[in-house]
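S.K.: Attaching a single structure in structure tokens format; questions to follow.
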Amino acid sequence: MENNYAIFADITCDLSPAIRERFGVDGYLKSYMSTPDAENIEGRLDLSDEEIDAFYVSLKANKNKYKTAAPSVEEIAAYFETFLQQGRDVLALSISSKLSATYNLMIRAKEIVCEKYPERKVFVIDSRRYSLALGLLTIKACQLRAEGCAIEQNAEMLEKIKTTVHQMGSIDDLFWVASKGRISHAQAFFGSVAGIKPMGDFDADGMATVLTKVSGYEKVYKTIVEYVGKTMQSANEQIIIVAHSARRKQSEILAAKIRETIKPKEVLMCNINQMSGINAGPGLLAAYYFGTEITDLKREKEIVCEIASKL
């Protein structure tokens, strides 16, 4: 069948087993992490809430002792081949090439398998996004396939819309941010005392950029909801994903406020899992959605600063 092509992303998509099954995601490309005990293990997207919570406790206590590693070209090619052997074409989505080598490794793997299966089609998309933004694009790809979209048109559409995927949220573990050298430890201390929470969106390359700062979660919720409302299009037709790293209670509150105020088609709740969490750290709370196209962030900064000024 023409539309029986496989769709998957790398592990940083953070889509749960239930969500992948519901939308028909064919799997995910695994990668690896090293732990404080010097173990090298595969990351997982099937962790329970309790396992995720325990991971973030360990991550917080062992700053800079967890590392991530992409799979080899040979491993990626072998994963592609599991679908090509079935007579299926492949549409694969990758974390932003600005953040990881995974996209370039996928391209090299594509070259290998296309020589072996010249009759098959393989498309690799640099999402220019990470975590649930990549996950949202993967869901969209599956929806387009279900609507009868051929693989070529699907890939073309993803390239057009990937810079319209927003992340609006906050990070509240400033000591984690300081451990990565993004702010000083003094700034982390005084910011934590004041309850300061940096808030930002993606730039066009998928780099999270701080646009404003607010104090306290009530202002975080209000800022996210209003910002989403001003930058989202056709909300009643869209899915919004609310995701968090060790901030489950806050994510539930945010999701409820989005449902009540924005009234999207659906709000999905997701954990930010190990591979994304090692880089993002604990304390991330964000909404992911399709909205206006992101370019230089000038307009986005004006919007969010105007919102924050009224809180």
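The values are calculated or read from the model by the stated rules, or taken from the named source; none is laboratory data. All figures in this text were calculated on a predicted structure; none of them were measured in a lab. Cβ atoms come from the backbone with ideal geometry, glycine included; neighbour counts cover every protein chain shown.
S.K.: For segment 98-155, enumerate the residues that are hydroxyl-bearing (Ser, Thr, Tyr) and touching a strand residue (DSSP E or B) at 6+ places or on another chain (Cβ under 6 Å).
M.R.: 102, 103, 127, 138 - these are the residues of segment 98-155 that are hydroxyl-bearing (Ser, Thr, Tyr) and touching a strand residue (DSSP E or B) at 6+ places or on another chain (Cβ under 6 Å).
This table checks each residue for (1) in the same structural domain as residue 139 (by TED's automatic domain parsing); (2) farther than 26 Å from residue 43 by Cβ; (3) modelled with pLDDT under 95.
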| residue | (1), (2), (3) |
| --- | --- |
| 241 | no, no, no |
| 249 | no, no, no |
| 267 | no, no, no |
| 277 | no, no, yes |
| 284 | no, no, yes |
| 290 | no, yes, no |
| 295 | no, yes, yes |
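S.K.: Name every residue in segment 1-48 that is among the acidic types (Asp, Glu) and at positive phi, in order of residue number.
M.R.: 14
S.K.: Related question: Any residue in segment 212-223 that is farther than 15 Å from residue 300 by Cβ and in the same structural domain as residue 261 (by TED's automatic domain parsing) sitting within a Cβ distance under 8 Å of a residue that is small (Gly, Ala, Ser) and in a loop (DSSP other than H, G, I, E, B)? List the pairs, counting only those 6 or more apart or interchain.
M.R.: The qualifying pairs are 215/194; 215/195; 216/195.
S.K.: Which residues, taken from segment 1-24, are part of a loop (DSSP other than H, G, I, E, B) and in contact with a Ser or Thr (Cβ under 6 Å, 6 or more places away or on another chain)? Break it down stepwise before answering.
M.R.: Residues of segment 1-24 part of a loop (DSSP other than H, G, I, E, B): 1-5, 14-16, 24.
Correct list: 14 only.
S.K.: Any residue in segment 152-170 that is in a strand (DSSP E or B), touching a Pro at 6+ places or on another chain (Cβ under 8 Å) and either modelled with pLDDT under 90 or surrounded by 14 or more Cβ atoms within 10 Å (Cβ to Cβ) (or both)?
M.R.: We begin by selecting, within segment 152-170, every residue in a strand (DSSP E or B); these are 165-170.
So of that shortlist, the ones also touching a Pro at 6+ places or on another chain (Cβ under 8 Å) come out as 170.
Then keep just the ones that are either modelled with pLDDT under 90 or surrounded by 14 or more Cβ atoms within 10 Å (Cβ to Cβ) (or both); that gives 170.
Yes, that holds for at least one residue.
S.K.: Between a residue in segment 145-158 that is in contact (Cβ under 8 Å) with a residue 40 or more places away in the chain and not assigned by TED's automatic domain parsing to the domain that holds residue 122 and any residue that is surrounded by fewer than 20 Cβ atoms within 10 Å (Cβ to Cβ) and part of a loop (DSSP other than H, G, I, E, B), which pairs come within a Cβ distance under 8 Å, given they are 6 or more apart or on different chains?
M.R.: If the second residue must be surrounded by fewer than 20 Cβ atoms within 10 Å (Cβ to Cβ) and part of a loop (DSSP other than H, G, I, E, B), no pairs are left.
S.K.: Something else: Considering each of 65, 116 in turn, give the residue that is touching a Pro at 6+ places or on another chain (Cβ under 9 Å) and either at positive phi or of a type in the set (Lys, Arg) (or both).
M.R.: That would be 65, the only listed residue that is touching a Pro at 6+ places or on another chain (Cβ under 9 Å) and either at positive phi or of a type in the set (Lys, Arg) (or both).
S.K.: Does residue 194 qualify as being at pLDDT below 95 and within 16 Å of the chain's Cα centre (by Cα)?
M.R.: So residue 194 fails the test.
S.K.: Output yes when any residue across segment 26-42 is at pLDDT below 95, assigned to a helix (DSSP H, G or I) and within 21 Å of residue 279 (Cβ to Cβ), and no when none is.
M.R.: no
S.K.: Something else about it: Which members of segment 114-136 meet the condition of being part of a helix (DSSP H, G or I) and more than 21 Å from residue 22 (Cα to Cα)?
M.R.: Correct list: 114, 115, 116.
S.K.: Return yes or no: is residue 25 assigned by TED's automatic domain parsing to the domain that holds residue 126 and either under 24 Å from residue 282 (Cβ atoms) or surrounded by 19 or more Cβ atoms within 10 Å (Cβ to Cβ) (or both)?
M.R.: Judged against the criteria, residue 25 is a match.
S.K.: Within segment 209-220, identify whether any single residue is under 23 Å from residue 13 (Cα atoms), modelled with pLDDT under 95 and not in a helix (DSSP H, G or I), and answer yes or no.
M.R.: Checked segment 209-220: at least one residue is under 23 Å from residue 13 (Cα atoms), modelled with pLDDT under 95 and not in a helix (DSSP H, G or I).
S.K.: When you go through (1) in contact (Cβ under 8 Å) with a residue 12 or more places away in the chain; (2) outside any loop (DSSP other than H, G, I, E, B) one by one for residue 263, which number turns out not to apply?
M.R.: (2)
S.K.: Another question, if that's okay. Just checking, does segment 51-74 include any residue being part of a loop (DSSP other than H, G, I, E, B), of a type in the set (Asp, Glu) and either over 18 Å from residue 274 (Cα atoms) or out of contact with any Lys or Arg (no Cβ under 8 Å at 6 or more places or on another chain) (or both)?
M.R.: No, the conditions are met nowhere in segment 51-74.
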